[in-house]
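Q: Encoded as structure tokens, here's the structure I'll be asking about.
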Amino acid sequence: MKRVLITGAAGFLGSHLCDRFIKDGYHVLAMDNLITGRLKNIEHLFHLEQFEFHNNDVSKFINVSGELDYILHFASPASPIDYLKIPIQTLKVGSLGVHNCLGLAKAKGARILIASTSEVYGDPTVHPQSEEYWGNVNPVGPRGVYDEAKRFQEAITMAYHNFHGLETRIIRIFNTYGPRMRLNDGRVLPAFIGQALRGEDLTIFGDGSQTRSFCFVDDLVEGIVRLLLSDYVYPVNVGNPSEITISQFAEEIIQLTGTKQSIIYKDLPVDDPKQRQPEISKAREILKWEPKINRAEGLKLTYEYFKGLSKEELFESNHYNFDKYIKK
Ligand code: UDP
């Protein structure tokens, strides 16, 4: 039985990866420090013999006993308000955290895949974004803590590949959505659906003309598995190229939820990218991958999940564990 270590395993993407690797017959070692991850996302796996949970901070030294075939580094705050709240933790998990994972991969002779992001392209001046584009990132802006950590992560991963011959894979993930997103993580989809469910107005930041391209989580997970098992070491974009404005997206959520609330406009966050669309010809050619689930279908599945949350969860403003990291 192959053994895979997943960091950030209790988070949105990490928990779906745990499900997938369990389904595919792997032994899964799930690691999370539960700052933004939640045990609820993985507790349905706790009774399984081929699943183990390690409550560890990957930014500190990590080790696990036994052999490892694969490491997937998915630990990181991943929404703009999260990395504004815990900027140092965000920088650490993308730098010290990946360094620890690379060291562990080297010690175990494991292949490692790291979760990178479309944020390496910053506020892009090239559209759509292909892997050859080097990006337009403000290193000292509020998003710099995430973007630059992820850029460093790519650089150190390539260095381990080139210098130590480590087997490495780099995925650049574009906006992804689906069940188990945290309702209060501030990202646009949980924000809009949460507002609709609570009977609040939907908040558009800026004039809503900025664009994003949303990929359903099951499609992304398929892309991750294909990249992991491929022999391609350079970064690969995985995302759904279907691009819409945030205004159109708000309209789709209004349709989906039937909310009678209005739209209100708020200031656009600093350095908010104006446009984003993945160019996925590499994923198509190398991984034989493309998204299969369209937005209408994916949004329906996601809405079903959010409708099933308890009233307490719906109104919880802070069900994550930032307090000890935030300076009073
Ligand atoms: N956004 C919005 N209203 C919200 C939350 C986000 O209009 O309540 C906008 C945000 O300014 C950005 C887009 O939606 O232009 C996507 O934001 P998100 O935080 O989901 O992800 P990003 O792609 O910016 O990392």
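Q: Mind counting the residues in the stretch 78-114 that are open to solvent by 10 Å² or more (accessible area, probe 1.4 Å) and within 30 Å of residue 268 (Cβ to Cβ)?
A: Adding up the residues that qualify gives 12.
Q: Tally up the residues in the stretch 213-255 that are away from the ligand (no atom under 16 Å from the Cβ) and in contact (Cβ under 8 Å) with a residue 40 or more places away in the chain, please.
A: In the first step, residues of the stretch 213-255 are kept if they are away from the ligand (no atom under 16 Å from the Cβ); the result is 218-219, 221-236, 255.
Now restrict to residues that are in contact (Cβ under 8 Å) with a residue 40 or more places away in the chain: 218-219, 221-228, 230, 232-236.
Qualifying residue count, the stretch 213-255: 16.
Q: Still on this structure, please answer the following. Among what's in the stretch 39-92 and is without any contact (Cβ under 8 Å) to a residue 60 or more places away in the chain and β-branched (Val, Ile, Thr), pick the residue that is nearest to residue 16 (Cα to Cα).
A: 42
Q: Only one of 79, 95, 130, 116 is within 14 Å of the ligand (Cβ to nearest atom), at pLDDT 95 or above and under 26 Å from residue 221 (Cβ atoms); which? Steps first, answer last, please.
A: Values: 79 fails: at pLDDT 95 or above; 95 fails: within 14 Å of the ligand (Cβ to nearest atom); 130 fails: within 14 Å of the ligand (Cβ to nearest atom).
Residue meeting the stated conditions: 116.
Q: Just to be sure before I move on: is residue 246 closer than 26 Å to residue 308 by Cβ and surrounded by 15 or more Cβ atoms within 10 Å (Cβ to Cβ) in the structure I sent?
A: Numbers: closer than 26 Å to residue 308 by Cβ: yes; surrounded by 15 or more Cβ atoms within 10 Å (Cβ to Cβ): yes.
Considered against the rule, which asks whether it is closer than 26 Å to residue 308 by Cβ and surrounded by 15 or more Cβ atoms within 10 Å (Cβ to Cβ), residue 246 comes out as yes.
Q: Here is a list of conditions, (1) away from the ligand (no atom under 13 Å from the Cβ); (2) touching a His at 6+ places or on another chain (Cβ under 9 Å); (3) open to solvent by 10 Å² or more (accessible area, probe 1.4 Å), and residue 168 meets all of them except one; can you say which number that is?
A: Unmet for residue 168, out of (1) away from the ligand (no atom under 13 Å from the Cβ); (2) touching a His at 6+ places or on another chain (Cβ under 9 Å); (3) open to solvent by 10 Å² or more (accessible area, probe 1.4 Å): (3).
The values are calculated or read from the model by the stated rules, or taken from the named source; none is laboratory data. What you see is a predicted model, and the numbers here were worked out from it, not measured in a lab. Cβ coordinates were reconstructed from backbone atoms using ideal geometry, including for glycine residues, and neighbour counts include every protein chain displayed. Accessible surface areas use protein heavy atoms only, side chains included; no ligands, DNA or RNA. Shrake-Rupley method; radii C 1.70, N 1.55, O 1.52, S 1.80 Å.
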